[in-house]
Amino acid sequence: MSTPDPTTRLTLADVLADPHGRSVETLPFVPDILGDGFTCTTVDLGPDPDGETPVVSTLVRYRPEGVTDAEWAARPAVIFVHGMTDYFFQRHVAEHLHARGRAVYAVDLRKCGRSWRRGQTWHHVSAQGMYDEDLSIAVATVSATHGPVVLVGHSTGGLDVTMFVSRLHAGDAPRRRLHGLIRAVVLNSPWLDLQFGAPTNAVIRHVLPLVAAVAPDATIPGGVNPVYGRTLHVSEAGEWDYDLRLKPLVARPKKVSWLTGVARDIATLQAGGGGTGLPTLLLCSRTHHFSPRLDERSFSADLILRPSQMRAAAHLVDPDTEVATIDGAMHDVFLSRAPVRRDALRILDDFLDREAPAGHAAADRPGDPAADHPGSTTDHPADRPGRG
């Protein structure tokens, strides 16, 4: 039997015209790099507005064997959106949420992770709003099967989710209709403000836009603390075995036009231009630690962003944003050390159970490891490092 073509042509215009014109169940899924239970499908997005090779997005699904079609459709869906120099590889989170009765999906955005193609600059968009198309298609197709979804955005993905949902909320009738297909928002250490010192922030806000106007392809360093990758990957001091081609230890260089695009969205948010209009949870560490040296604090603080800025900006995301400060959390709270990530998953579970209850939650069945108390010594999915 031949392998089906895993690519579907869809556009933002398609889903705005008819949000449920295509259900995720009609898309051609094939085995994914994460292995058992994971499949993926590719969405052809057409020409790249930034002039590189044609762009695609990738929708990843965790659906292990033994789940009937009826049970699958009845599960509320969660869609994960990765950060900068990143892709979805968090198998342990997918296993945990599946055990609690949820359908787990993730998007690798255009030029990121599974969606990178030859002739493209990794992770480059000159405007973060270009991702609205990738996210709209994911929301529309997944909600056609599962009903309104929960979006979970990490770091830059947290900013992207915030502004995407905000634009839908304040948009025209088709966009407001798409907004109605989102049940809640979860932000995992979102990038909501420029974390550099005042002089650097001023250059980014006022000088780089002038540079980008005449030299948009000029490159700048990746800007991420190189220690962070060492705290994560098994080849260094971490416990996660992910693909270093898709998520290298040190962030790749970025174009000036990319950073100015991020700064524009941050400026819009800081000026009051955000507002998800939905139940929103923000997860972050207690503190940051920007040291270039690997030490014990590197495993118990945010090495990339300042959690204090996240907390200060939470009301700009939504006035009723629920903020959960997690002692000992790393930048991706779900990649923290086992006791801390169990706390993060417990907080996530509590929020999801309240805002998007699962009727078939495995937590209601005795013996399910995902239902154990965070302090349990049972083999909890959150304790098991994933493979990318």
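The values are calculated or read from the model by the stated rules, or taken from the named source; none is laboratory data. Quick caveat: nothing in here was measured; it's all calculated off a predicted structure. Note that each Cβ is placed from the backbone with ideal geometry, even for glycine, and that neighbours are counted across all protein chains shown.
Numbers below:
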item	result
Candidate set: segment 148-191, residues that are in contact with a His (Cβ under 6 Å, 6 or more places away or on another chain) and small (Gly, Ala, Ser); chosen: the one farthest from Phe351 (Cα to Cα)	Gly157
Only listed residue being closer than 26 Å to Asp132 by Cβ and modelled with pLDDT of 95 or more, chosen from Pro31, Pro64, Pro19	Pro19
Selection within segment 127-163 - of a type in the set (Val, Ile, Thr) and touching a strand residue (DSSP E or B) at 6+ places or on another chain (Cβ under 7 Å)	Ile137, Val139, Val142, Val149, Val150, Val152, Val161, Thr162
Of all residues in segment 148-195 being more than 16 Å from the chain's Cα centre (by Cα) and under 27 Å from Thr287 (Cβ atoms), the one that is modelled with the lowest pLDDT	Gln195
Residues being crowded, with 16+ Cβ neighbours inside 10 Å and closer than 17 Å to Arg22 by Cα - total across segment 57-71	5
Filter pass, Gly261 being in contact with a Leu (Cβ under 8 Å, 6 or more places away or on another chain), of a type in the set (Gly, Ala, Ser) and crowded, with 18+ Cβ neighbours inside 10 Å	no
Within segment 45-63, considering residues that are out of contact with any Asp or Glu (no Cβ under 7 Å at 6 or more places or on another chain) and in a loop (DSSP other than H, G, I, E, B), the one farthest from Gly119 (Cα to Cα)	Arg63
Candidates Leu109, Leu97, filtered to the one that is surrounded by 24 or more Cβ atoms within 10 Å (Cβ to Cβ) and out of contact with any Ser or Thr (no Cβ under 9 Å at 6 or more places or on another chain)	Leu97
Unique match (being among the basic types (Lys, Arg), more than 29 Å from Gln120 (Cα to Cα) and touching a strand residue (DSSP E or B) at 6+ places or on another chain (Cβ under 9 Å)) among Arg63, Arg22	Arg63
Any chance Ser136 is more than 19 Å from Gly272 (Cα to Cα), of a type outside the set (Lys, Arg) and surrounded by 22 or more Cβ atoms within 10 Å (Cβ to Cβ)	yes
Every residue from segment 59-95 that is on the phi > 0 side of the Ramachandran plot and either in contact (Cβ under 8 Å) with a residue 60 or more places away in the chain or in contact with a Phe, Trp or Tyr (Cβ under 6 Å, 6 or more places away or on another chain) (or both)	Thr85
Any chance Pro339 is of a type outside the set (Phe, Trp, Tyr) and assigned to a loop (DSSP other than H, G, I, E, B)	no
Number of the exception - His380 against (1) closer than 23 Å to Thr85 by Cβ; (2) buried (at least 21 other Cβ atoms within 10 Å of the Cβ); (3) modelled with pLDDT under 95	(1)
Residue pairs meeting the criteria (Cβ under 7 Å; at least 6 apart or on separate chains; first in contact (Cβ under 8 Å) with a residue 40 or more places away in the chain and under 17 Å from Leu283 (Cα atoms), in segment 346-359; second surrounded by 13 or more Cβ atoms within 10 Å (Cβ to Cβ) and aliphatic (A, V, I, L, M))	Ile347/Leu283; Ile347/Ala324; Leu348/Val186; Phe351/Val186; Phe351/Leu281; Leu352/Val150; Glu355/Ala184
Every residue from segment 10-44 that is part of a helix (DSSP H, G or I) and loosely packed, with under 13 Cβ neighbours inside 10 Å	Ala13, Ala17, Thr26
Single residue of segment 274-295 satisfying the filter (over 30 Å from Pro357 (Cα atoms) and modelled with pLDDT of 95 or more) that is surrounded by the most Cβ atoms within 10 Å (Cβ to Cβ)	His288
Close pairs (6 angstrom Cβ cut-off, 6 or more residues apart or separate chains): under 19 Å from Thr41 (Cβ atoms) in segment 122-136, aromatic (Phe, Trp, Tyr) and crowded, with 21+ Cβ neighbours inside 10 Å anywhere	Leu135/Phe164
Elements of type helices (runs of 4 or more DSSP H) contained in segment 188-288, each with 3 or more residues being free of Cβ contacts under 8 Å to residues at least 24 places away in the same chain	198-202, 208-214
Those residues of segment 96-133 which are within 15 Å of the chain's Cα centre (by Cα) and at positive phi, in sequence order	Lys111, Gly113, His123
